Every structure is written in structure tokens, then in C-alpha cells.
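Working notes, beginning with the structure itself.
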């Protein structure tokens with residue numbers, strides 16, 4: 001009950017703040033429309049919620065972390081827009097609606113993605129009453145390092161280069177740690193930084209994020225074989241059709257399930273030290289990782 | 001003579017620093033190769049040189065402004081890569097060599113552009129011995145505001161929306177002030193900020209940049225009619241072929257020439273107050289604006 005209340009409160013704050021950044025854009029055009037179309041498309045806001053939850057668990061001010069949490073969501077959204085483009089995954093649908101380039105055309109979708117990436121950094125370089133300059137720089141550094149060539153873009157690159165190629169389990173883990181893991185780790189770290197957490201807190205945030213990021217990906221791979229399209233949120237069987245190496249193809253179904261369960265336990269164990277204060281994050285972890293596999 | 005020495009020194013510092021950022025990338029791949037291909041493609045480095053020159057004119061430390069100057073060049077390069085893509089201008093050549101997507105393919109060029117935009121902000125969010133946190137935040141704010149939807153991307157958007165459409169002279173000025181002007185103004189402002197210049201210095205930097213940015217564009221439009229491809233650095237006559245409104249089509253050749261000369265004088269006049277310290281910037285202004293029109 002309380003979990004759902006907090007979740008609703010976080011979502012409301014995040015969506016209001018995201019909308020305020022869009023409202024502040026001066027140059028209204030088809031590109032600002034495309035930015036809003038993709039950014040306000042009813043995502044679950046997992047990443048910014050993680051930032052708020054880590055910050056609050058450590059006694060920090062949600063107002064302080066909110067801009068950086070929104071910046072993470074902008075970067076996530078830009079990456080989806082560019083990933084959907086014809087030269088990348090060529091996806092016509094995103095969350096049940098036409099993808100950005102299907103709706104607005106390729107050129108405007110490209111610019112909308114560029115503009116959202118840029119807006120994330122405009123946001124992180126904002127004038128803050130709630131955050132000291134050094135903390136803002138730390139959060140911006142976490143953000144930019146996670147999103148770039150040694151983070152998410154590095155993972156997208158490995159993914160592209162691995163198409164129709166068998167890869168090792170180590171390479172697959174690295175691919176996912178960068179492609180999706182980096183932008184799950186970033187908000188957890190930003191939450192710690194905004195709350196002035198310790199180095200131990202930062203290490204725990206990274207360990208937690210690494211565990212849930214990988215767990216989520218393994219369950220995705222399992223559901224691609226065993227699940228329904230409704231469970232997976234996208235057509236099943238696409239990985240083997242695309243000759244992609246997956247945890248299941250590399251380790252087998254049984255080992256994949258055991259690994260997923262172990263990772264989920266790891267994530268929950270990391271939070272133990274925070275006792276009752278971790279109640280929301282624990283429930284969130286269970287909700288995120290509790291897909292039937 | 002001294003001008004050319006300083007110019008060479010600035011270029012060497014900029015190119016060495018840019019190379020060091022590329023060298024620091026951990027994830028070497030076709031994308032990091034594409035980033036280097038476009039970033040180290042012997043550009044004139046007009047933008048970062050402006051940052052260094054403004055900083056030094058005001059008694060600032062070139063080492064302090066160098067990272068932000070490099071960040072401007074990374075943003076400029078990313079914008080060229082994305083502008084050349086088939087869904088945008090579809091250009092096969094850039095500075096006499098195959099454009100990034102012609103050389104590496106569309107998907108990798110898209111990611112290389114994204115990665116350079118991100119690297120610009122990683123650079124601006126760096127750990128600096130030479131710059132205080134507040135100055136770094138100010139430089140980052142100038143950078144991100146100039147590059148985004150209310151800056152360069154806003155201009156790219158107006159440009160796309162104006163294709164095959166007659167637009168007013170006011171709209172044309174706005175298009176260029178955003179599309180190219182913003183990223184000429186940014187390094188001038190960053191130079192002032194890094195040198196802890198006054199508000200008056202900042203206002204002069206903006207006035208100077210607005211004048212040379214527009215002058216440069218008007219001369220481009222004139223040469224598209226009267227010049228040779230060698231003078232213009234690209235095929236002539238392309239604007240009227242594309243039914244683009246230009247200064248010449250809207251104001252006529254004579255008025256365009258008068259405006260260009262007046263703007264050049266404005267830029268030089270703005271620098272008068274700095275006396276001898278402005279010697280390099282004045283010579284640079286003459287060199288930049290002195291194309292035969």
C-alpha cells in the first residue's frame with residue numbers, strides 16, 4: 001500500500017518536472033513536438049524512480065536529485081528514438097504507438113533524439129538552489145560517462161557488431177552491462193551522490209544496479225523462448241530469428257533461471273544494510289524482477 | 001607573422017588535446033574510429049580558436065578554456081556527421097573526403113555523432129585543476145544552451161522546415177543566428193567566462209560573434225551566385241537549385257555586399273576597446289571575413 005503511494009508520488013513529481021523542461025523550450029516546432037511525444041509516452045520511469053529512491057533512502061532531498069533523474073530519462077528516451085531509426089533496429093512501434101520517425105519522419109526524429117540528449121545536459125548544467133556546484137558536477141559526470149562511448153553507446157556498438165555472430169557469455173555480459181546496465185547504474189549512483197552518501201553507499205548502488213540490470217536481461221531472454229508477447233511486451237522469438245546470442249542459447253534454460261534467481265537475491269541482499277529505509281527499493285526490486293520465468 | 005605563429009600554436013594545442021580525449025576512450029571499435037575520422041579531419045578549428053583568443057585577450061589561462069574549446073569542436077563535428085546523413089542533407093563528401101556514413105555506414109555514423117555530442121559533455125564535466133566548479137558549470141551551461149533546441153538544433157529545425165519555402169529576411173536571420181551563429185557565439189562566451197571577464201566583456205563577445213556569424217553567411221550566399229566552387233569550398237548554385245531563400249535572393253547582390261561590409265566593420269569596432277590585446281582576434285576577423293565578394 002505505502003509502496004504504491006510512494007511510487008505514485010515519485011511518478012507524479014517526475015512527470016511534472018519533465019513536462020516543465022519541455023514547457024521551457026522556446027523554439028516550438030515539429031521537433032519540440034516529437035521530443036514531447038517520445039518523452040511523455042507513459043514510460044514506467046524506472047530509471048528516475050531509482051534515483052529518487054536511492055536519494056531518499058540515504059536521507060537526501062528528492063528536490064535535489066530530481067533534475068538529474070529527469071536527465072537520465074531524457075537520455076533513455078533519446079536512445080530509444082535513435083535505436084528505432086531505419087538504419088538501426090528499424091522499429092515501427094514503441095510502447096504500442098508509432099515510433100518517433102514513423103510519426104514525424106526520419107529527419108525530425110533524428111533531431112528530436114539529438115535535442116533530448118542535449119536537453120539532458122542543459123538540465124544537468126542548470127542553475128540550482130538545491131544542489132552545490134560540486135555535487136552537480138559529480139552527477140553530470142556520472143550521467144555523461146554512463147551515456148557515452150564507454151557506457152551505453154559502447155554497448156549499442158557491441159550489439160551492432162554482434163549481429164548474426166555468435167559471441168561468448170563474457171561478451172554478452174559486457175554488451176548488456178554497457179547497453180542497458182550503465183543507464184540503470186547511473187540513476188542509482190546519482191541518488192547516492194545527491195544525498196552525499198559514502199563510498200560504501202556508492203559501491204552498493206553499483207552492485208545493486210549491476211544485479212537487477214543483468215537479472216532483467218536474463219529474464220527477457222527466457223521469456224523470448226517460454227513467454228507470451230504480453231509478458232515480454234514485444235514479439236517473442238525475435239532473438240533466435242535474428243540469430244542473436246542470448247543467455248538461454250549460451251547457458252541453457254535451467255542455468256539461466258538459476259542465475260536470474262541468484263541475481264535477484266544479490267540485489268535484495270545489498271539493500272539489507274539499510275533496514276527499514278530500504279523498504280521501497282526492496283519492493284521495487286521484487287516488482288521489477290518478479291516476472292514469471 | 002606573429003598572428004600566424006599564435007594561430008599555429010593554438011591549432012597544435014587544440015589538436016593535441018582533442019587527440020588526448022580520443023585516446024582516453026576505452027571502448028575501441030568502429031564507432032571510436034568513426035569519431036576520430038570526423039573529428040581529426042583537418043578542420044580550421046575556427047570555434048575553439050575563438051575560445052582561446054577571447055580567453056587570452058582578457059588575461060585568462062588558455063589551459064583553463066581548452067577543454068571547453070574542444071567540447072565546442074566535438075559538438076560542431078557531431079552536427080556535421082548528422083547533417084550529412086541520408087535523411088538530412090545526404091552529402092557524400094565532407095572536406096573532400098567521404099562523409100562519415102559513406103565511410104562507416106549509417107548506423108555507425110549515427111552512433112559516432114551521438115558519441116561525440118556526449119563526449120563534449122563528458123569533457124565539460126571533467127575533473128579540472130585549472131577551473132573552479134562554478135566556472136565549469138557556467139561554461140557547460142553556455143555550451144549546452146547553444147547546442148540544443150533553443151540554439152543550433154532549433155536552427156537546423158527551421159532550416160528543414162523552410163525547404164522549398166520562401167521565408168522572410170527576419171526568419172532567415174533567425175535561422176542562421178541559431179543554426180551557425182549559436183555555435184560561433186558559444187566559444188567566444190566561454191573564453192570570456194574562463195577568463196572571468198565582466199558582463200560588458202560578455203556582451204561584446206556576443207555582439208562580435210553575431211556580426212562575424214552573419215557576415216560569413218551573407219558572403220556564402222553571395223559566393224553561391226558570383227563565386228567559384230574553389231572560393232566557396234562547395235559546389236556553387238546549390239541554393240537556388242534547392243529553392244532556398246538567401247540574403248541575395250531576398251535583398252539583392254548590392255545590399256547583401258553592403259551588409260556584409262558593415263557587419264565586418266561592426267565586429268572589428270567591438271574589439272577596439274581592447275587595443276593591442278585584440279591584435280590576434282582582429283587579424284583573425286579580417287582573415288575570416290575577407291573572402292572576395
Of B:214, B:22, B:50, the one that fluctuates the most in a GNM where chain B has Cα springs shorter than 10 Å: B:22
Stokes-Einstein D in µm²/s, Kirkwood radius over Cα pairs - the stretch B:93-226 at 20 °C with 1.002 mPa s viscosity: 127
Cα-projected label distance for residue B:97 with residue B:132, points at 7 Å along beta-carbon direction, nm: 4.1
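How far, in nm, would the chain grow between residue A:4 and residue A:26 when pulled straight, counting 0.36 nm per residue and subtracting the alpha carbon separation?
On the way: separation 22, 0.36 × 22 = 7.92 nm, distance 3.57 nm.
In short, 4.4 nm is gained.
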All Cα pairs of the protein assembly as shown, percent lying beyond 29 Å: 56
Rough spin-label spacing in nm, given labels placed 7 Å along Cα→Cβ, for residue A:272 and residue A:164: 4.9
Computed [θ] at 222 nm, deg cm²/dmol, chain B (DSSP H ≥ 4; -39,500 (n - 2.57); rounded to nearest 500): -22500 deg cm²/dmol
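Normalized C-alpha radius of gyration of the stretch A:52-143, against 2.2 N^0.38 Å? Intermediate values should be presented prior to the final figure.
Numbers: Rg = 15.8 Å, N = 92, 2.2 N^0.38 = 12.3 Å.
Expressed relative to 2.2 N^0.38 Å, the Cα Rg reads 1.29.
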Kirkwood estimate for the stretch A:1-91, i.e. one over the average of 1/r between Cα atoms, Å: 14.2
Alpha-carbon gyration tensor eigenvalues x 5, square-rooted, for the stretch A:2-289, Å: 28, 26, 17
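Only the coordinates and a few stated rules stand behind these numbers; no lab work does. It should be emphasised that the depicted structure is a prediction, and the values quoted were computed from it without experimental measurement. Cβ sites come from the backbone with ideal geometry, for glycine too, and all protein chains shown count toward neighbours.
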